[in-house]
Amino acid sequence: MRQVSQQKNQQEGKHVRIKKKLIVIGAVLFALAAPQASAVDFHGYFRSGIGGNNKGGSQVCFQDPGSEYKFRLGNECENYAEWEFSQSLYKDKSGVEFVYDGMLAYVTGLAGGDFDSLRNGPGNEIALRQNWVGAKGLPFLPSGSMAWIGKRYYHRNDIHQIDYFYWDTSGFGGGLDDVPIGPAKFALAMFEFRSSDRRVLWQPDFRVYGIPIIPNGTLEAGVSLVIDSTNANVPQSTNKESVSPWLTVQWVQTDLLGGFNKLAFQWAQGSAANMHSQGSQQLDASSDTRQWRIIEHMVYQPTSEISGALVFIYQDTKQLFGSSLKRWAVGIRPALQLNDYFKIELEGGYTSVTPKDAASGGGNTDTRGLFKATVAPTLMVAPGPGGSYFTRPVLRLFGTLAAWNDAAQGAGVVGQTASCNAVTTTSAFGCDKAGFTFGAQVEAWY
């Protein structure tokens with residue numbers, strides 16, 4: 001009887017929790033539907049799916065050890081979503097307007113057992129990605145510009161094909177956006193990051209964009225400084241670089257083969273050398289720590305039936321803390337549009353990682369190589385003005401084949417080891433240096 005009573009109480013408690021969630025969801029929907037909330041703009045992105053592998057287990061994703069990116073088509077092993085809310089907080093007849101922007105993000109593993117809870121489940125994470133207010137139209141601001149303060153996605157430049165943000169200083173800060181300067185514009189911002197040892201990093205960022213150089217071609221240039229503050233109570237390196245620069249120059253060509261092309265060169269040293277957004281800078285890094293990289297990225301649609309993207313990236317990194325590596329990747333994702341609602345996508349990509357010394361390579365300097373190929377029949381909505389490549393939502397099936405060399409295996413690709421033992425290994429593919437995965441995925445932005 002006690003067991004029956006406990007089960008009954010558990011069921012009643014579960015029903016109460018579900019009822020509370022429904023009440024909260026209903027309240028949110030009611031608020032959004034109310035007249036005073038009619039100005040709320042809702043945008044978002046999500047992907048979700050299922051998958052398996054040829055050895056009988058769940059989907060495994062392939063990424064070269066030491067690489068910062070992977071070719072993503074048919075190679076994503078998580079559910080991910082972003083929900084963005086924007087609303088005008090104040091607007092008058094003179095054109096002055098204050099606007100709010102907030103964003104929540106959620107990620108969890110594929111096909112988890114967490115459908116009834118947003119917390120305490122396996123791998124569930126929720127983050128506040130954006131939370132800022134901007135002011136536009138103020139008479140003492142330059143025409144068309146905006147002042148802002150808060151946590152923000154800031155002028156992010158990414159390569160969708162490999163899900164890689166190569167020019168991104170997003171974080172907590174404030175600044176002035178879209179200030180006219182001749183035919184171009186500039187933006188100025190200051191960001192702050194607080195480390196776990198109570199130090200503060202200040203990161204001023206200045207960039208100019210839209211500089212015309214040739215027909216349909218513009219230049220963008222920016223400098224970001226990472227300023228490592230001093231805290232007398234925290235031990236610090238005596239040879240650290242207190243002010244570390246990060247420089248970027250980018251040529252953007254539009255209306256090229258029905259798409260666009262971006263060619264970027266970046267260089268950074270000291271605490272800015274890893275070229276990531278706030279929270280991942282290397283504190284105490286000296287001027288000997290540096291990185292440079294070159295990025296070529298193109299999206300094309302020469303005809304209504306053919307579309308796709310290609311990418312090449314090369315980077316050379318020397319780090320005081322961590323691994324000094326030479327890394328490069330090349331890949332292409334072509335698609336054939338068979339009708340307005342169906343296309344076949346293909347993707348082939350190769351990544352290479354070469355340690356510059358034995359310490360960076362775990363005892364060796366062998367080049368790690370990984371090749372990945374995917375075919376994905378895809379259902380989609382009719383292509384919009386931007387072309388087929390970025391048209392969403394899509395429902396896709398996929399099959400992905402990957403192969404890697406001994407060095408990648410030794411560095412831990414798909415959970416393998418250098419002295420791989422087929423009996424004791426926990427890798428989904430045993431000691432094989434190739435694997436196949438399959439599945440289905442939905443992806444949308446709105």
Practice prompt. Using only the Cα atoms of region 291-446, build the gyration tensor, take square roots of its eigenvalues as a ≥ b ≥ c, and label the shape rounded, prolate or oblate: rounded if a/c is under 1.5, else prolate if a/b is larger than b/c, else oblate.
Written response: oblate
Worksheet, complete the sentence: Surrounding charge for residue 168, neighbours by C-beta under 9 angstrom, Lys/Arg +1, Asp/Glu -1, total 0
Discussion item. Order 86-92, 45-51 from most to least packed using the mean count of other Cβ atoms within 10 Å.
Written reply: 45-51, 86-92
Worksheet item: Which value, in debye to the nearest 20, describes the size of the charge dipole of region 305-446 about its Cα centre when Lys and Arg Cβ atoms bear +1, Asp and Glu Cβ atoms bear -1, and nothing else is charged?
Response: 220 debye
Discussion item. Could you derive backbone 3J(HN,Hα) for region 85-101 from the dihedral phi with the Karplus parameters 6.51, -1.76 and 1.60 (θ = phi - 60°), listing whole Hz in sequence and x where the residue is Gly or Pro?
Written reply: 10, 10, 8, 6, 8, 7, 8, 10, 5, 7, x, 6, 9, 10, 10, 10, 9
Discussion item. Quick check for me: using +1 on Lys/Arg Cβ and -1 on Asp/Glu Cβ, what's the dipole size of region 146-322 about its Cα centre, in debye to the nearest 20?
Written reply: 360 debye
Worksheet item: Counting Lys and Arg as +1 and Asp and Glu as -1, what is the net charge of the other residues whose Cβ lies under 14 Å from the Cβ of residue 387?
Response: -1
Worksheet item: Amide H to amide H under 5 Å from residue 276: which residues, 5+ apart in sequence or cross-chain, H placed 1.01 Å off N in plane?
Response: none
Discussion item. Order 142-148, 78-84 from most to least packed using the mean count of other Cβ atoms within 10 Å.
Written reply: 78-84, 142-148
Discussion item. Projecting each Cα onto the charge dipole of region 146-322 (Lys/Arg +1, Asp/Glu -1 at the beta carbon, about the Cα centre), which of 301, 229, 182 comes out farthest on the positive side?
Written reply: 229
Fill in: Radius 13 Å from Cβ of residue 177, net charge of other residues (Lys, Arg +1; Asp, Glu -1)
+1
Practice prompt. Mind ranking 54-60, 262-268 by how tightly packed they are, going by the mean number of other C-beta atoms within 10 angstrom, highest first?
Written response: 262-268, 54-60
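Every number in this text was worked out from the coordinates using simple rules, so none of it is lab data. Bear in mind that the values here come from a model prediction, so they are computed numbers and not experimental data. Ideal geometry is used to build each Cβ from the backbone, glycine not excepted, and the neighbour counts take in all protein chains shown.
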